[in-house]
Amino acid sequence: MEILVCVKRVPDTAENEIVVNSKGTDIERGDLVYSVNEWDNYAVEEAIQIRDNAGGSVTVVTVGDGDAEEILRREMAMGADKGILLSDDAFNGSDGKGIAAILKAEIAKGQYDLILTGAQADDGAAQVGGMLAAMLDMPYASLVNKIEIVSDKVIKIGREIEGGNQEMSEIDLPCVLSIQTGINEPRYVGIRGIRKVASVEIPVHGAGDLGIAAGSVGAAGARVKRVDYFVPPMGEGAEMLEGSTDEIAEKLIELLKSKGGIK
Amino acid sequence: MTQPIFAYISHKNGTADDSAFELIVAAKKIDPAAAVTAVVCGAGAELDAVCSTMAAVYPDVWKVSNPALAYPNAEVLRGVLVSILPAGAITLAPHDTFGMDLSPGLSIKLNAAFVPDVVGIEGIDGANLKTIRQEFGGQVSTHVLCDISAGAVLNVRSGCFLSDDSKASGSVTDKSGQAGDCKAKRRFLEVVAAEVGDVDITKSDVLVSVGRGIEDQENIGIAQELADTIGAVVSCSRPIVDAKWLEKARQVGTSGKTVKPKVYIALGISGSFQHLGGIKGNPFMVAINKNPKAPIFQVADIGIVTDLLEFVPELTDKIKEMK
Ligand SMILES: Cc1cc2nc3c(=O)[nH]c(=O)nc-3n(C[C@H](O)[C@H](O)[C@H](O)COP(=O)(O)OP(=O)(O)OC[C@H]3O[C@@H](n4cnc5c(N)ncnc54)[C@H](O)[C@@H]3O)c2cc1C
Ligand SMILES: Nc1ncnc2c1ncn2[C@@H]1O[C@H](COP(=O)(O)O)[C@@H](O)[C@H]1O
């Protein structure tokens, strides 16, 4: 099984307070800690497990700048066989459709049976996988939390739907799946693993290599554009308890008692 | 604006989803004068029931009936919608597990722009529609301009456009003949119900809920001890279940359980809409989080900015002393 996994480098929301800059044009990026998008990490783990059982290879690909290479190496340290960086100034400012179009151009150069994305990335768009599938004319399933290889033509998948229920389907290969967290337990990657792949060469493909016309992607080709960042007015918001730990705890206990929170 | 607006109606067992009543409100925000059509796809008597409910809300209802649509398989429905929708249409769908499956690909096939997870609509500005979205788990919001000149697909977040008692005496048009062959390369097999756990968190009046801020599996004991002391049950957010620290049956949220407690104590939970979507009945909510900007503070009644790993054991000790 030849598997391609699309991965994205994102600010790690568990590690960072996201703050809007003074002009509202962007978030403050100076001190952000970046990592691989949480959902993509599950997708790579799943791909590695399928390869280990069914044979084949795992390629990880990202659209990003030079810094994005580090996440390809991280996923290769996990066990992906190959990394490809899609990078070009012309890609800057792409909307979801632009990213999907860039990925499609790379995919068209290879032969993949299975293409995985994360269910969603940092802006919670959950769009690139479904767009990519439609562009490739391949069947698609989102929020996949189970994959069972039936043959080299068809696989059985579970989608996580509301209430934690699971929708089981059969889907023909080649296909695109977006992966939901919890499908597996992604393996730990140590410093030693990263060192091992530190000198592996990662090809970089730009618009010219991919045959992408200038203006069809990037800011020029985007029909969906973010105009600003802002923090909405808090509305009522919570009453914040302040003071010493003792004072806060006492106040909270009183409140909980009055609301039936302490039995 | 002269573009027609269509709303995809989700329904189950003959009852329309809440989103059906919200999408028309969203449509009117785009253009108060627009002709809005409800698109209802399915099979059998259930389909007719939903169509007549929708005719009381939407001025026009399109019905697509086919045995292949008895279960909403997004792969099949995408083909149906591409066949029946006119060029340049604006299509609204819910941003739920179905809409996430359907809409990104639909926008490509319709050659329309796509805006996912819309939480607000500010109106039309020339060729653009101005919408509001959230990023980074709701920590920041953004205005998004979408060029709708060739049409658009919008996925709308549940609960953001509250139903407004829209009344209509709409007519139902049968579009089944134009739906195409309803075949797809993904075939629905069955729905497997979520596992039942040892503890039923939906039965407890008081929940102590842990999120990723608990940092380590061992620390869950801190929450358990607080819960034992006050007579509560421990529930959690999704990352705790993904990490296999607690069983799935303890997860609160759209892909977990819907709970209706009197008191909800959130420890190290940021307040994503998928988590909050599982909390109903407006409980008295206490949020303990070390990030003062965490979105949970916008919905909680009481907020405490602190390291829960230090604060919660002290709180538990104090309650024990008092008892
Ligand atoms: C289709 C879909 C369905 C989903 N369904 C659900 C669902 O049903 N339920 C659900 O919960 N999520 C669900 N999610 C995931 C959801 O989007 C969020 O990723 C998740 O809710 C985040 O969980 P969290 O708040 O625990 O973690 P985070 O967002 O990482 O927040 C952790 C918080 O802990 C705080 N913190 C860290 N350390 C400390 C400390 N020592 N003391 C105090 N505070 C600390 C941080 O400031 C942060 O605010 C779903 C996602 C998708 C795509
Ligand atoms: N720049 C990118 N490079 C590679 N893959 C991406 C990129 N952006 C998004 N993806 C993939 O699409 C998924 C969904 O992202 P999004 O639609 O942006 O929420 C991610 O989990 C990735 O798998």
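The values are calculated or read from the model by the stated rules, or taken from the named source; none is laboratory data. Not measured: the values here are computed from a predicted model. Note that each Cβ is placed from the backbone with ideal geometry, even for glycine, and that neighbours are counted across all protein chains shown. Note: accessible area is taken over every heavy atom of the protein model, side chains too, but ligands, DNA and RNA are not part of it. Shrake-Rupley method; radii C 1.70, N 1.55, O 1.52, S 1.80 Å.
Looking only at other chains, what is the average number of their beta-carbon atoms within 10 angstrom of each beta-carbon in A:217-230? Please list the in-between numbers first.
On the way: counts 0, 0, 0, 0, 0, 4, 15, 14, 8, 6, 6, 5, 7, 5.
Average per residue, whole number: 5.
To the nearest 0.05, how large is the calculated FRET efficiency for residue B:149 and residue A:33 if R₀ is 51 Å and r is the Cβ-Cβ distance? Show your work: numbers first, answer last.
Working: r = 40 Å, r/R0 = 0.78.
So the FRET efficiency works out to roughly 0.80.
Which order do peptides A:239-245, A:94-100 fall in by mean Cβ count within 10 Å, highest first? Could you put the intermediate results ahead of the total?
Values: A:239-245: 12.7, A:94-100: 25.6.
Per-residue mean Cβ counts within 10 Å order the peptides as A:94-100, A:239-245.
With a 10 Å cut-off around each Cβ of A:168-175, the average count of Cβ atoms from other chains is 4. Reducing the stretch B:5-65 and the stretch A:147-187 to their Cα centroids gives an inter-centroid distance of 30 Å. In the stretch A:2-20, burial by the other protein chains removes 30 Å² or more of accessible area from A:13, A:17, A:18, compared with the chain on its own (1.4 Å probe, ligands and nucleic acids ignored). Over the protein assembly as shown, all Cα pairs binned in 20 Å intervals from 0 give whole-percent P(r) values of 20, 53, 26, 1, listed from short to long.
What number, in percent, do you get for the relative contact order of chain B if the mean sequence gap of Cα pairs under 8 Å and at least 6 apart is divided by its residue count? It would help to have the intermediate numbers written out before the result.
Details: 719 pairs, mean separation 47.4, N = 323.
That works out to 15 percent.
Counting Cβ atoms of other protein chains within 10 Å of each residue's Cβ and taking the mean over peptide B:187-193 gives 6.
Quick one: length gained pulling residue B:191 to residue B:164 fully straight, 0.36 nm per residue minus the C-alpha distance? Don't skip to the answer; put the middle values down first.
Details: separation 27, 0.36 × 27 = 9.72 nm, distance 3.30 nm.
That works out to 6.4 nm of additional length.
Give me the percent of the accessible area of chain B that comes from carbon and sulfur atoms, probe 1.4 Å, all protein chains in place. List each step's numbers first, then the result.
Values: 6200 of 12490 Å².
Result for chain B: 50 percent of the exposed heavy-atom area is carbon or sulfur.
Figure the gain on full extension for residue B:200 and residue B:43 (residue separation times 0.36 nm, minus the Cα-Cα span) and round it to one decimal in nm. Before the final figure, lay out the partial values.
On the way: separation 157, 0.36 × 157 = 56.52 nm, distance 3.51 nm.
Length gained, residue B:200 through residue B:43: 53.0 nm.
Annotation: per residue accessible area for the stretch B:177-323 equals 44 Å², rounded to a whole number [probe 1.4 Å, protein chains only]. At a 1.4 Å probe, what is the % contribution of carbon and sulfur to the accessible area of the stretch A:92-208? Its accessible area is 48 percent carbon and sulfur atoms. Based on Cα contacts under 8 Å between residues 6+ apart, the stretch B:5-178 shows a relative contact order of 29 percent. Placing pseudo-labels 7 Å out from each Cα toward the beta carbon at residue A:89 and residue A:148 gives an inter-label distance of 5.3 nm.
Quick check for you: with a 1.4 Å probe and neighbouring chains kept, what is the accessible area per residue of chain A, in Å²?
44 Å²
List the relative contact order of the stretch A:2-221 as a percent without decimals, with contacts defined as Cα pairs under 8 Å and 6+ residues apart.
Working: 441 pairs, mean separation 56.6, N = 220.
Contact order relative to length: 26 percent.
Net charge of the neighbourhood of residue B:290, taken over other residues with C-beta under 13 Å away and scored Lys/Arg +1, Asp/Glu -1, is -3.
What size of dipole, in debye to the nearest 20, comes out for the protein assembly as shown about its Cα centre when the only charges are +1 on Lys and Arg C-beta atoms and -1 on Asp and Glu C-beta atoms? Provide the component values of the computation, followed by the final result.
On the way: 56 positive and 81 negative charges, 241 e Å.
Dipole about the Cα centre, nearest 20: 1160 debye.
Excluding ligands, DNA and RNA and using a 1.4 Å probe, chains B and A jointly bury around 7300 Å² of accessible surface, summed across both partners. Note on residue A:22 and residue B:70: the model spin-label points, each 7 Å out from Cα along the C-beta direction, lie 6.5 nm apart. Simple point charges give the picture: +1 on the Cβ of Lys and Arg, -1 on the Cβ of Asp and Glu, and for the stretch A:2-221 a dipole about the Cα centre of about 400 debye. Label positions at residue B:87 and residue B:317, each projected 7 Å from the Cα along the C-beta direction, are separated by 7.3 nm.
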